[in-house]
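Enquirer: For reference, the structure I am asking about is given below.
The values are calculated or read from the model by the stated rules, or taken from the named source; none is laboratory data. Just so you know, these numbers come straight off a predicted model, no measurement behind them. Cβ placement follows ideal geometry from the backbone for every residue including glycine, while neighbour counts extend to all protein chains displayed. In case anyone asks, the SASA skips ligands and DNA or RNA and just uses the protein heavy atoms, side chains included. Shrake-Rupley method; radii C 1.70, N 1.55, O 1.52, S 1.80 Å.
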Amino acid sequence: MVFAAVLILVFSVLGTGLPFAPYDWLQQRVTAGLNSQPYNGDAVIIAIDEPTLTQLPDRSWDKNDLAILLTRINGNAPKQIIITPQFFDNAKANDRQGLAAAIKALPAKPVWQIDLSPKDAIKLSTSLRVSEKPKFADFSLGIDASIRPYVVPAIMTLRPGAFGAPLHAPYLATTDEGVFPSIGNLMADGKRPSHNIFNVDLSYNPDTIPTISAKAIMSGTYDATSLKNKRVVISHIGNFSRDTFHAVQNRYTPRAAGSVLAAQTLLDGPPVMLGWIPPYLLAVTGLLLWVFLARPYGRVAALSAILLLLFSPIFLEQTLIFQQTSQGIFLLIFMGVGKLWQWVRHAIETYRDAAETKSRFLAQASHDLRQPIHAVGLLADRLAQSDLTSSQAEIVSKISWSVDNAARMFRSLLDIAAIESGTLQTDIGPVAINELLAEIDSQNALVAEQAGVDLRLIPSELIVKTDRALVGTMLQNLVSNAIKYAAGKTVIVGCRRERKNVALWVVDNGLGISETDLKHVQKEFYRSSDKSVLRSENKGLGLAIVSRLSKLLGLRFSLKSEKGRGTSAVIHSLAVISGQAEEMQSRGPSKMPLAGLKVAITDDDRETLLSTERILEQWGCEVKPYQSFPKGLTGYDVLLTDFDFGDSGTLADKQESIEQILKQNTQIIIISGHHPEQIREELDIETGLILSKPLRAAELRSALMATTLK
């Protein structure tokens, strides 16, 4: 934080806060917009605008036209006349003497504005040590020799910021020919600001400055007596690139309006520029209080400092006190970011320490408890080898299963610890659903019987690609929970297709979970607020383990429940294996020889079609049913089809489609109540197997397996 303070201080001293200046510009724009007010001074702009040029010959403005305008204005006794840069038509013969006579006839010398060159603008002085006004007779830029003795030359250089604010204007300017006043200086009757380069108060809306078209005065259609005791500014208006600048209230503000606002700022103030040091010291004070005061007083002090820096310009600039707050604000922001970073790092370290401590505890506790369970298992094995009655042997067998179950649970705790530490490695391979269900049956049959639960396992010959041990742990946790909370009820375990994947379901009609608890049950050690007798048995780990392992395996776990009606727990996105025979070779013979076989079924009888589809899915086939013979069938290994389609004719009418299917190496099996010879006579194409109805499942399975060998 000390480094940040020093860095900002260096920027402020050497670069006048340049890295943070855009913030000050934006803040002044916002402040000017919030403090917007109408102009109420005594200046009037006489605009040489488009209507004025339209009435002139050749649409050109010359010295004679300016002389006529000055004569009309002079007759109404204005307080002061300011002539901004004039854009005369040099091609015309101008009456220089006429303009000089008109200016000489004025009761006081008018102010003639000279635009500084870029070189001269750079030399603007910040010094106010000017004892007297020098003579301007030798000023060589922009003033015709015939009128030079009768005017007061002055400059006006406006430097707007990127957002239209701030608008800098000089009070005096030093050029290579001397020190010259600005128009704002002369219109403000000599009032001086605290700094030579001052900020113009942009809260005045320049659109509210009275503006009169020169055409109206020159043609006599305007009552010029209203110009009495007014400061009259004669200016060209209309050229956006030459005669305007970007201000807060209007992107195309006339430059003459900028001169008027600069003068009014001096008359109302003059403005005081505090600079960056007072706000910066306020920020440093807030920062020190934040560091050294106890909570929450330090934070309150820092917050108060930044609020003062944010909102003080809105009130101070109303009294023409300008300041640069960006350095102080960014110092406090950097301090806040640093504090936040420290807090985040501390929180992360604390969380990591807690997670590592919990993981070590789980790993150590699981390891220590596995030893006595292992001893119990050995004792059970020895007891099984002794002379036991059949009922005793059954009990010992169930004890062994229970011990194995407990051992698996402790292994799962070790897995959770490994997940948190990032050391758990998965072993992905083919896993038969039926083998998982067999393990669930052996592990939970006794517990289900004791709880009066009807545990129903729906067999499936699907093979999925996952980690056998971890999915087994997940499924065991779900079944164990279901049995615990569905005493005397039914628990169903099975799988269901989800497009190309499969999901494992554990469904019960037990106590269910309340809507409030359902949001939290997947967190470790969460215990329901329900005062049920089972609450003391709930350690709050089962569903948390399932949730973590599902994320580790790239699966999705969902839980739906309704209080008093039961719970459905689903492990989604298990990938079904195609070509499983090769992948299962290292783990023993495949129990799913038809898994992945792509079969299309056509039968006009809906019930037959549905029954055939279900049995093929149980064998692991990928099935697509059709009630009518499909057109353009592609991408299937086998077409299983009826011969007779009722009103749609027979297979003999589809021979062109059959030829196209056979060209794709798709095997066709016909199942029909007609005699096979009759079918062959009607078909001109050799289609393969013809099976007769009624057909047993074993025969159909054998026929499909025969196609896979070709």
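Enquirer: Identify, please: which residue in segment 562-576 is of a type outside the set (Asp, Glu) and more than 20 Å from residue 495 (Cβ to Cβ) and is, among those, least open to solvent (accessible area, probe 1.4 Å)?
Expert: In the first step, residues of segment 562-576 are kept if they are of a type outside the set (Asp, Glu); the result is 563-576.
Next cut, more than 20 Å from residue 495 (Cβ to Cβ) only: 563-565.
Working: 563: 109, 564: 57, 565: 166 Å².
Here the residue is 564.
Enquirer: Tell me the residue from 656, 699 that is part of a helix (DSSP H, G or I) and either touching a helix residue (DSSP H, G or I) at 6+ places or on another chain (Cβ under 7 Å) or at pLDDT below 80 (or both), please.
Expert: Just a single option satisfies the conditions, and that option is 699.
Enquirer: Among the listed residues 247, 301, which satisfies the condition of being aliphatic (A, V, I, L, M), open to solvent by less than 40 Å² (accessible area, probe 1.4 Å), at pLDDT below 90 and within 43 Å of the chain's Cα centre (by Cα)?
Expert: Answer to the selection: 247.
Enquirer: Mind listing whichever residues of segment 562-586 are closer than 18 Å to residue 429 by Cα and at pLDDT 80 or above?
Expert: 571, 572, 573, 574, 575, 576, 577
Enquirer: I've got another one for you. Look at residue 100 and say whether it is out of contact with any Pro (no Cβ under 8 Å at 6 or more places or on another chain) and either under 20 Å from residue 263 (Cβ atoms) or modelled with pLDDT of 85 or more (or both).
Expert: yes
Enquirer: Criterion first (out of contact with any Gly (no Cβ under 6 Å at 6 or more places or on another chain), farther than 20 Å from residue 703 by Cα and at pLDDT below 85) does residue 613 satisfy it? Show your work before the answer.
Expert: Values: out of contact with any Gly (no Cβ under 6 Å at 6 or more places or on another chain): yes; farther than 20 Å from residue 703 by Cα: no; at pLDDT below 85: yes.
No.
Enquirer: Does residue 263 qualify as being buried (at least 24 other Cβ atoms within 10 Å of the Cβ) and either in contact with a strand residue (DSSP E or B) (Cβ under 6 Å, 6 or more places away or on another chain) or not β-branched (Val, Ile, Thr) (or both)?
Expert: Here the answer is yes, as residue 263 does meet what is asked.
Enquirer: If a residue must be in contact with a Ser or Thr (Cβ under 9 Å, 6 or more places away or on another chain), open to solvent by less than 50 Å² (accessible area, probe 1.4 Å) and in a helix (DSSP H, G or I), how many such residues does segment 447-460 contain?
Expert: Qualifying residue count for the region: 0.
Enquirer: In segment 445-461, which residue that is more than 13 Å from residue 509 (Cα to Cα) and among the charged types (D, E, K, R) is farthest from the chain's Cα centre (by Cα)?
Expert: Out of the qualifying residues, it is 449.
Enquirer: Take residue 502 and tell me if it is touching a residue at least 40 places away in the same chain (Cβ under 8 Å), hydrophobic (A, V, I, L, M, F, W, C) and more than 29 Å from residue 395 (Cβ to Cβ). Step through it out loud before you land on a result.
Expert: Numbers: touching a residue at least 40 places away in the same chain (Cβ under 8 Å): yes; hydrophobic (A, V, I, L, M, F, W, C): yes; more than 29 Å from residue 395 (Cβ to Cβ): yes.
Answer is yes for this residue.
Enquirer: While we're on this one: For residue 607, all conditions in the list (1) open to solvent by 60 Å² or more (accessible area, probe 1.4 Å); (2) modelled with pLDDT under 80; (3) in contact with a strand residue (DSSP E or B) (Cβ under 6 Å, 6 or more places away or on another chain) hold save one; what is the number of the exception?
Expert: (3)
Enquirer: What tally of residues in segment 631-659 results from selecting those that are in contact (Cβ under 8 Å) with a residue 12 or more places away in the chain and open to solvent by 80 Å² or more (accessible area, probe 1.4 Å)?
Expert: 3
Enquirer: Turning to a different aspect of this structure: Collect the residues in segment 254-298 that are in a loop (DSSP other than H, G, I, E, B) and basic (Lys, Arg), keeping them in residue-number order.
Expert: Once the filter is applied, which keeps residues that are in a loop (DSSP other than H, G, I, E, B) and basic (Lys, Arg), segment 254-298 yields only 295.
Enquirer: Name the residues in segment 27-48 that are of a type in the set (A, V, I, L, M, F, W, C) and buried (at least 16 other Cβ atoms within 10 Å of the Cβ), would you?
Expert: 32, 43, 44, 45, 46, 47, 48
Enquirer: Taking into account only those residues within segment 587-604 that are hydrophobic (A, V, I, L, M, F, W, C) and touching a Gly at 6+ places or on another chain (Cβ under 7 Å), which is modelled with the lowest pLDDT?
Expert: Taking the candidates together, the pick is 592.
Enquirer: Now for a different question. If you take the residues in segment 158-205 that are open to solvent by 10 Å² or more (accessible area, probe 1.4 Å) and aliphatic (A, V, I, L, M), which one is nearest to residue 271 (Cα to Cα)?
Expert: Looking at residues that are open to solvent by 10 Å² or more (accessible area, probe 1.4 Å) and aliphatic (A, V, I, L, M), I get 197.
Enquirer: Something else: When you scan segment 108-117, how many residues do you find that are at pLDDT below 90 and not in a strand (DSSP E or B)?
Expert: Selection size over segment 108-117: 3.
Enquirer: Also, quick follow-up: Here is a check on your reading of the model: is residue 463 open to solvent by less than 30 Å² (accessible area, probe 1.4 Å), at pLDDT 85 or above and under 17 Å from residue 595 (Cα atoms)? Outline the logic, then answer.
Expert: Values: open to solvent by less than 30 Å² (accessible area, probe 1.4 Å): yes; at pLDDT 85 or above: yes; under 17 Å from residue 595 (Cα atoms): yes.
So residue 463 fits the description; yes.
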